[in-house]
1. Angle, helix 25-36 long axis vs. longest principal axis of the chain, Cα atoms, 0 to 90°, nearest 10?
2. Output the relative contact order of the stretch 3-92, whole-number percent, from Cα pairs under 8 angstrom with separation of 6+ residues.
3. Which label belongs to the value computed from this structure, given these candidates for Kirkwood radius over Cα pairs in Å: [x] 15.5; [y] 16.3; [z] 13.9?
4. Using mean Cβ contacts within 10 Å as the protection proxy, how do 69-78, 10-19, 26-35 order, highest first?
């Protein structure tokens, strides 16, 4: 399984590790996030297929305590995506040549 490693601060780890009550969507994703934390470190390994869920729950459902608890991980995901998109765009520009429609004149 492919995972994305994100470095957190101790305070951010503590927010994720806080106890949970209830069984809604936020509680379920925070419970999974607690399982992704790497013991003895400030790292979390987020499975690739969960990246969208973390970002969606952190930013798309209003403001509140649960969103704050996962926002740092979501920001790390957004930074990763921005870097990948930027790198791909540069790669596409560099790979573009005469066979791609440029006439070379």
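Every number in this text was worked out from the coordinates using simple rules, so none of it is lab data. Quick caveat, the model's predicted, so the values are computed rather than measured. Glycine gets a Cβ as well: all are built from the backbone with ideal geometry, and neighbour counts include every protein chain shown.
1. So the helix axis and the longest Cα principal axis differ by about 80 degrees.
2. Normalised by residue count, the contact order of the stretch 3-92 is 32 percent.
3. [x]
4. The packing order, highest mean first, is 69-78, 26-35, 10-19.
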